[in-house]
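Take a look at the structure below.
The values are calculated or read from the model by the stated rules, or taken from the named source; none is laboratory data. Given the structure is predicted, the values throughout are model-derived calculations rather than measurements. Every residue, glycine as well, gets a Cβ built from its backbone with ideal geometry; the counts of neighbours run over all protein chains shown.
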């Protein structure tokens, strides 16, 4: 009647894999359109500075870089219509060029594979009394792995002291 912890974890992993395979493209498209509308609404807020508006479009560009319904050109046009300087608008393309999926090894916003999602789910269940305080940024996990020496070199390359000295 009761399953042990390992069997429960395996069942959750299998369910997550099934969900990822069956997730319809229409739902992904709907999420993208909703996010784009939210970004457009925020860009219309005149209290938002030029730099913050540009940062918002940068985040959208990185998140939906290879998405089929990417509306980056529309958001860049909104920045231009808002009067954001050309210098800031060019930064969006620079961020995608230097930090896009082509050059980074891991997902920037959250893990996408079923094992990582399951691990994150179980980690989130430990000692959470208030749902509003349970969020932990992705950077926290990355820094924790850095301290423990568990980061993969191919995903997080670095320049060592000997490389700098040889220059």
Answer yes if at least one residue in the stretch 73-83 is more than 30 Å from residue 153 (Cβ to Cβ), at pLDDT 85 or above, part of a loop (DSSP other than H, G, I, E, B) and out of contact with any helix residue (DSSP H, G or I) (no Cβ under 7 Å at 6 or more places or on another chain), and no otherwise.
yes
Is there a residue in the stretch 85-107 that is within 18 Å of residue 48 (Cβ to Cβ), modelled with pLDDT of 75 or more, over 22 Å from the mean Cα position of the chain (by Cα) and not in a helix (DSSP H, G or I)?
yes
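Okay, residues lined up against (1) farther than 30 Å from residue 14 by Cβ; (2) touching a helix residue (DSSP H, G or I) at 6+ places or on another chain (Cβ under 8 Å); (3) at pLDDT 60 or above; (4) surrounded by 12 or more Cβ atoms within 10 Å (Cβ to Cβ):
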| site | (1), (2), (3), (4) |
| --- | --- |
| 114 | no, yes, no, yes |
| 124 | no, no, no, yes |
| 142 | no, no, yes, yes |
| 145 | no, no, yes, yes |
| 152 | no, no, yes, no |
| 158 | yes, no, yes, no |
| 165 | yes, no, no, no |
